[in-house]
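Trainee: I have a structure I would like to understand better, so I am pasting it below and will then ask my questions one at a time.
Values in this text are rule-based calculations from the coordinates and carry no lab data. It should be emphasised that the depicted structure is a prediction, and the values quoted were computed from it without experimental measurement. Cβ atoms come from the backbone with ideal geometry, glycine included; neighbour counts cover every protein chain shown.
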């Protein structure tokens, strides 16, 4: 029988902080306080909070989109809803940027 190794408290606090910041970023995008371009172009924010986020969560946080309409957009772009943002291929990334008219 294997022993469960406890997760260090610093890792738990870090994960909690990342989830909190992601929810703040998504709320700011939804309320138009911050643009998708700014979120994706800010290197520190992107690397720390956004890169490992599911693409469907990001699209769902855009004004006028939800999970269902975001899923339809991703299907139209031939991108799996399970993809993370940094997990996009070059063609998928190009089609996403073109569809949402993002200037990086």
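Trainee: Using a Förster radius of 22 Å, what is the FRET efficiency between residue 81 and residue 52 based on their Cβ-Cβ separation? Nearest 0.05, please.
Mentor: FRET efficiency, residue 81 to residue 52: 0.90.
Trainee: Among 74-80, 9-15, how do they line up from the highest to the lowest mean number of other beta-carbon atoms within 10 Å? Present the calculation step by step, with values, prior to reporting the outcome.
Mentor: Numbers: 74-80: 15.0, 9-15: 9.9.
So the peptides 74-80, 9-15, ranked by packing, come out 74-80, 9-15.
Trainee: Over the chain, what portion of Cα pair distances is larger than 17 Å, expressed as a whole percent?
Mentor: Tail of the P(r) past 17 Å holds 56 percent of the pairs.
Trainee: Further question on the same structure: Would you mind estimating how fast the stretch 1-61 diffuses translationally, via Stokes-Einstein at 20 °C and 1.002 mPa s with the Kirkwood radius over Cα pairs, in µm²/s?
Mentor: Details: Rh = 13.0 Å.
Rounded, D is 165 µm²/s.
Trainee: Using only the alpha-carbon atoms, how far is helix 90-99 inclined from the longest principal axis of the chain? Give it as 0 to 90 degrees, nearest 10.
Mentor: 60 degrees
Trainee: Sticking with the crude label model, points 7 Å out along Cα→Cβ, report the distance from residue 67 to residue 4 in nm, one decimal please.
Mentor: 2.6 nm
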